[in-house]
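The structure under discussion appears below in the form of C-alpha coordinates.
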Amino acid sequence: MDNKEIIQLIANACDDKRAEDIVALDMQDVSLMTDYFLICHGSNERQVQAIARSIKDSMEEEDIIINRLEGYEQARWILVDLGDIVCHVFHKEERSYYNLERLWGDASKVELSVGQ
(Lines give C-alpha, C1' and ligand atoms only; values in the text may rest on other atoms or scores of the structure.)
Protein backbone atom coordinates (compact mmCIF):
# COMPACT_ATOMS: atom_id res chain seq x y z
CA MET A 1 0.00 0.00 0.00
CA ASP A 2 1.47 3.35 -0.99
CA ASN A 3 1.34 6.57 1.04
CA LYS A 4 -1.55 8.10 -0.92
CA GLU A 5 -3.66 5.01 -0.23
CA ILE A 6 -2.74 5.19 3.44
CA ILE A 7 -3.66 8.90 3.55
CA GLN A 8 -7.06 8.05 2.07
CA LEU A 9 -7.57 5.34 4.72
CA ILE A 10 -6.67 7.84 7.43
CA ALA A 11 -9.00 10.46 5.95
CA ASN A 12 -11.82 7.89 5.90
CA ALA A 13 -11.13 7.01 9.55
CA CYS A 14 -11.31 10.71 10.43
CA ASP A 15 -14.48 11.19 8.40
CA ASP A 16 -16.09 8.22 10.19
CA LYS A 17 -15.79 10.19 13.44
CA ARG A 18 -17.05 13.38 11.81
CA ALA A 19 -13.71 15.18 11.76
CA GLU A 20 -14.00 18.60 10.17
CA ASP A 21 -11.96 20.21 7.40
CA ILE A 22 -9.79 17.19 6.57
CA VAL A 23 -6.73 18.36 4.62
CA ALA A 24 -3.71 16.42 3.36
CA LEU A 25 -0.52 18.27 2.43
CA ASP A 26 2.32 16.92 0.30
CA MET A 27 5.39 17.90 2.32
CA GLN A 28 8.04 16.23 0.14
CA ASP A 29 9.27 19.47 -1.46
CA VAL A 30 9.03 21.67 1.64
CA SER A 31 10.18 19.57 4.60
CA LEU A 32 12.68 16.86 5.43
CA MET A 33 10.76 15.55 8.45
CA THR A 34 7.90 13.75 6.67
CA ASP A 35 6.33 13.25 3.26
CA TYR A 36 2.71 14.07 4.15
CA PHE A 37 0.65 15.86 6.78
CA LEU A 38 -2.99 15.07 7.37
CA ILE A 39 -4.76 17.77 9.38
CA CYS A 40 -8.27 17.77 10.80
CA HIS A 41 -10.16 18.89 13.88
CA GLY A 42 -12.95 17.98 16.24
CA SER A 43 -15.22 20.26 18.22
CA ASN A 44 -14.50 18.83 21.70
CA GLU A 45 -11.93 16.69 23.52
CA ARG A 46 -13.94 13.47 23.31
CA GLN A 47 -14.33 13.81 19.55
CA VAL A 48 -10.62 14.59 19.11
CA GLN A 49 -9.77 11.41 21.04
CA ALA A 50 -12.30 9.39 19.02
CA ILE A 51 -10.74 10.60 15.75
CA ALA A 52 -7.23 9.66 16.91
CA ARG A 53 -8.46 6.28 18.13
CA SER A 54 -10.14 5.69 14.76
CA ILE A 55 -6.87 6.42 12.96
CA LYS A 56 -5.02 4.05 15.29
CA ASP A 57 -7.58 1.27 14.83
CA SER A 58 -7.67 1.59 11.04
CA MET A 59 -3.88 1.46 10.83
CA GLU A 60 -3.73 -1.60 13.09
CA GLU A 61 -6.27 -3.35 10.83
CA GLU A 62 -3.84 -2.86 7.92
CA ASP A 63 -0.76 -3.83 9.99
CA ILE A 64 0.64 -0.31 9.62
CA ILE A 65 2.87 0.68 12.51
CA ILE A 66 2.27 3.90 14.42
CA ASN A 67 5.63 5.20 15.62
CA ARG A 68 4.19 7.58 18.18
CA LEU A 69 0.91 8.99 19.42
CA GLU A 70 1.24 12.14 21.52
CA GLY A 71 -1.22 14.46 23.24
CA TYR A 72 -4.03 11.92 23.64
CA GLU A 73 -4.78 12.67 27.30
CA GLN A 74 -5.12 16.44 26.83
CA ALA A 75 -6.90 16.02 23.46
CA ARG A 76 -6.11 19.53 22.28
CA TRP A 77 -3.58 18.51 19.59
CA ILE A 78 -2.98 14.82 19.04
CA LEU A 79 -0.05 13.89 16.83
CA VAL A 80 -0.11 10.46 15.17
CA ASP A 81 3.31 9.69 13.68
CA LEU A 82 3.43 7.04 10.97
CA GLY A 83 6.88 8.02 9.70
CA ASP A 84 6.16 9.14 6.14
CA ILE A 85 2.79 10.51 7.26
CA VAL A 86 2.09 12.65 10.31
CA CYS A 87 -1.51 13.24 11.36
CA HIS A 88 -2.47 16.33 13.34
CA VAL A 89 -5.84 15.96 15.08
CA PHE A 90 -6.70 19.30 16.61
CA HIS A 91 -9.34 20.69 18.88
CA LYS A 92 -11.03 23.39 16.80
CA GLU A 93 -9.58 26.25 18.88
CA GLU A 94 -6.02 24.91 18.66
CA ARG A 95 -6.24 24.39 14.92
CA SER A 96 -7.09 28.00 14.23
CA TYR A 97 -4.36 29.16 16.64
CA TYR A 98 -1.52 27.06 15.14
CA ASN A 99 -2.82 27.29 11.55
CA LEU A 100 -0.46 24.67 10.07
CA GLU A 101 -1.97 25.11 6.61
CA ARG A 102 -0.72 28.70 6.53
CA LEU A 103 2.60 27.82 8.18
CA TRP A 104 3.24 25.18 5.49
CA GLY A 105 1.53 27.21 2.74
CA ASP A 106 4.11 26.13 0.14
CA ALA A 107 2.96 22.50 0.38
CA SER A 108 0.48 21.34 -2.23
CA LYS A 109 -2.81 19.75 -1.19
CA VAL A 110 -3.48 16.08 -1.84
CA GLU A 111 -6.89 15.23 -3.28
CA LEU A 112 -9.03 13.24 -0.85
CA SER A 113 -12.40 11.65 -1.44
CA VAL A 114 -14.26 12.26 1.81
CA GLY A 115 -17.47 14.11 2.56
CA GLN A 116 -16.06 17.56 3.20
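The values are calculated or read from the model by the stated rules, or taken from the named source; none is laboratory data. What you see is a predicted model; the values in this text were computed from it and never measured. Here the Cβ is made from the backbone with ideal geometry for all residues, glycine too, and neighbour counts use every protein chain on show. Note: areas computed on protein heavy atoms with side chains; ligands, DNA, RNA excluded. Shrake-Rupley method; radii C 1.70, N 1.55, O 1.52, S 1.80 Å.
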In whole percent, and with a 1.4 Å probe on the protein chains, what portion of the accessible area of the chain is carbon and sulfur? 42 percent
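Skip the ligands, DNA and RNA, and give the accessible area per residue of the chain with a 1.4 Å probe, whole Å². Let's see the in-between values first.
Details: 6690 Å² over 116 residues.
Ligands and nucleic acids excluded, the result is 58 Å² per residue.
Work out how much length residue 111 to residue 65 would gain on full extension: take 0.36 nm times their residue separation and subtract the Cα-Cα distance, in nm to one decimal. Before the final figure, lay out each step's value.
Values: separation 46, 0.36 × 46 = 16.56 nm, distance 2.36 nm.
Extra length available between residue 111 and residue 65 comes to 14.2 nm.
Multiplying the sequence separation of residue 84 and residue 31 by 0.36 nm and subtracting their Cα-Cα distance, what value in nm do you get?
Additional length available on full extension: 18.0 nm.
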Comparing 35, 16, 63 in a Gaussian network model of the chain (Cα, 10 Å), the one with the largest mean-square fluctuation is 63
Give the long-range amide H neighbours of residue 77: residues separated by 5 or more places, or on another chain, with amide H under 5 Å away, using H modelled in the peptide plane at 1.01 Å from N. 91
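For residue 21 and residue 102, compute 0.36 nm times the residue count separating them, minus their Cα-Cα distance, and round to one decimal in nm.
27.7 nm
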Find the all-direction average of the projected area of the Cα convex hull for segment 50-107, expressing the result in square nanometres with one decimal place. 4.4 nm²
For the chain, what is the charge dipole size about the Cα centre, in debye to the nearest 20, if Lys and Arg each add +1 at the Cβ and Asp and Glu each add -1 at the Cβ? 500 debye
Residue by residue through segment 73-89, the couplings from Karplus 6.51 cos²θ - 1.76 cosθ + 1.60 with θ = phi - 60°, in Hz, x for Gly and Pro, are 4, 6, 6, 9, 8, 9, 9, 10, 9, 10, x, 6, 10, 10, 9, 10, 9
Only Cα pairs within less than 10 Å get springs; with that Gaussian network setup on the chain, which residue of 105, 42, 71 has the largest fluctuation? 105
Search the structure for amide H atoms under 5 Å from the amide H of residue 110, placed 1.01 Å from N in the peptide plane, and list their residues when 5 or more places away or on another chain. 24, 25, 26
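How would you classify the chain from its alpha-carbon gyration tensor, with a ≥ b ≥ c the square roots of the eigenvalues: rounded for a/c under 1.5, else prolate if a/b is greater than b/c, otherwise oblate?
Numbers: a/c = 1.38, a/b = 1.08, b/c = 1.28.
Rounded, since a/c falls under 1.5.
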Can you compute the modelled spin-label distance between residue 43 and residue 72, with each label point 7 Å from Cα toward Cβ, in nm? 2.6 nm
